[in-house]
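Structure first, then comments.
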């Protein structure tokens with residue numbers, strides 16, 4: 001009995017030590033003018049990472065959403081985010097018979113005011129170490145495109161220019177207790193200094 005209890009305590013301690021990787025990440029999404037237009041809440045689940053996305057300021061209609069290989073969002077074109085996150089070297093497209101990239105997500109639809117809300121799933125993605133980790137090295141990024149992804153054509157489903165981006169990394173949000181930087185506030189501070 002005593003041996004069993006010691007084993008149980010060791011398992012609980014080891015489990016607590018492995019909880020250094022967060023199960024939920026919230027990221028800010030910015031447009032090409034560096035305005036924050038929304039957020040994405042990512043949560044690791046069995047079989048992948050769920051993305052709850054809420055954005056404003058898009059053109060009405062469908063837009064492609066992809067996870068890209070680098071945790072960089074340098075505007076205005078966001079090409080710094082690299083290609084779609086594709087650690088297995090597959091073809092692009094959720095409907096491609098030889099696809100898809102881990103970073104390929106379903107399209108979202110913005111209403112007439114430019115607002116979109118969606119729950120998407122990045123199958124096989126994880127926050128833990130390994131080739132499928134979205135938090136690898138310098139992280140990855142979530143990119144929204146101008147047009148819808150057709151789900152088949154290479155390399156990006158004819159989804160158009162990158163219009164919004166958010167960085168996914170271990171320290172994507174400000175440290176606990178600090179607020180994230182708002183680009184509008186920075187502009188006001190710069191004007192006051194002049």
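The values are calculated or read from the model by the stated rules, or taken from the named source; none is laboratory data. Just so it is clear, the structure is predicted and the values come from calculations on it, not from any experiment. Counting neighbours? That spans all protein chains shown, and the Cβs are built from the backbone with ideal geometry, glycine included.
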Residues within region 119-137 that are over 25 Å from residue 97 (Cβ atoms) and more than 13 Å from the chain's Cα centre (by Cα), tallied: 4
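From the list 53, 58, 94, pick out the single residue that is in a loop (DSSP other than H, G, I, E, B), in contact with a strand residue (DSSP E or B) (Cβ under 7 Å, 6 or more places away or on another chain), surrounded by 15 or more Cβ atoms within 10 Å (Cβ to Cβ) and at pLDDT 95 or above. Talk me through it step by step, then tell me what you get.
On the way: 53 fails: in a loop (DSSP other than H, G, I, E, B); 94 fails: at pLDDT 95 or above.
Result: 58 is the single residue among 53, 58, 94 that is in a loop (DSSP other than H, G, I, E, B), in contact with a strand residue (DSSP E or B) (Cβ under 7 Å, 6 or more places away or on another chain), surrounded by 15 or more Cβ atoms within 10 Å (Cβ to Cβ) and at pLDDT 95 or above.
Against the definition (modelled with pLDDT under 95 and either surrounded by 15 or more Cβ atoms within 10 Å (Cβ to Cβ) or touching a helix residue (DSSP H, G or I) at 6+ places or on another chain (Cβ under 9 Å) (or both)), how does residue 72 come out, yes or no?
Values: modelled with pLDDT under 95: no; either surrounded by 15 or more Cβ atoms within 10 Å (Cβ to Cβ) or touching a helix residue (DSSP H, G or I) at 6+ places or on another chain (Cβ under 9 Å) (or both): yes.
No.
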Residues of region 97-113 satisfying the condition of being in contact with a strand residue (DSSP E or B) (Cβ under 8 Å, 6 or more places away or on another chain) and closer than 25 Å to residue 60 by Cα: 103, 104, 105, 106, 107, 108, 109, 110
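When you look at residue 89, is it in a loop (DSSP other than H, G, I, E, B) and touching a helix residue (DSSP H, G or I) at 6+ places or on another chain (Cβ under 9 Å), yes or no?
Numbers: in a loop (DSSP other than H, G, I, E, B): yes; touching a helix residue (DSSP H, G or I) at 6+ places or on another chain (Cβ under 9 Å): no.
Spelling it out, it is not the case that residue 89 is in a loop (DSSP other than H, G, I, E, B) and touching a helix residue (DSSP H, G or I) at 6+ places or on another chain (Cβ under 9 Å).
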Tally, over region 121-150, of residues that are over 20 Å from residue 46 (Cα atoms) and assigned to a loop (DSSP other than H, G, I, E, B): 8
Any hit, region 42-50, residues being in contact (Cβ under 8 Å) with a residue 40 or more places away in the chain, outside any strand (DSSP E or B) and over 18 Å from residue 157 (Cα atoms): yes
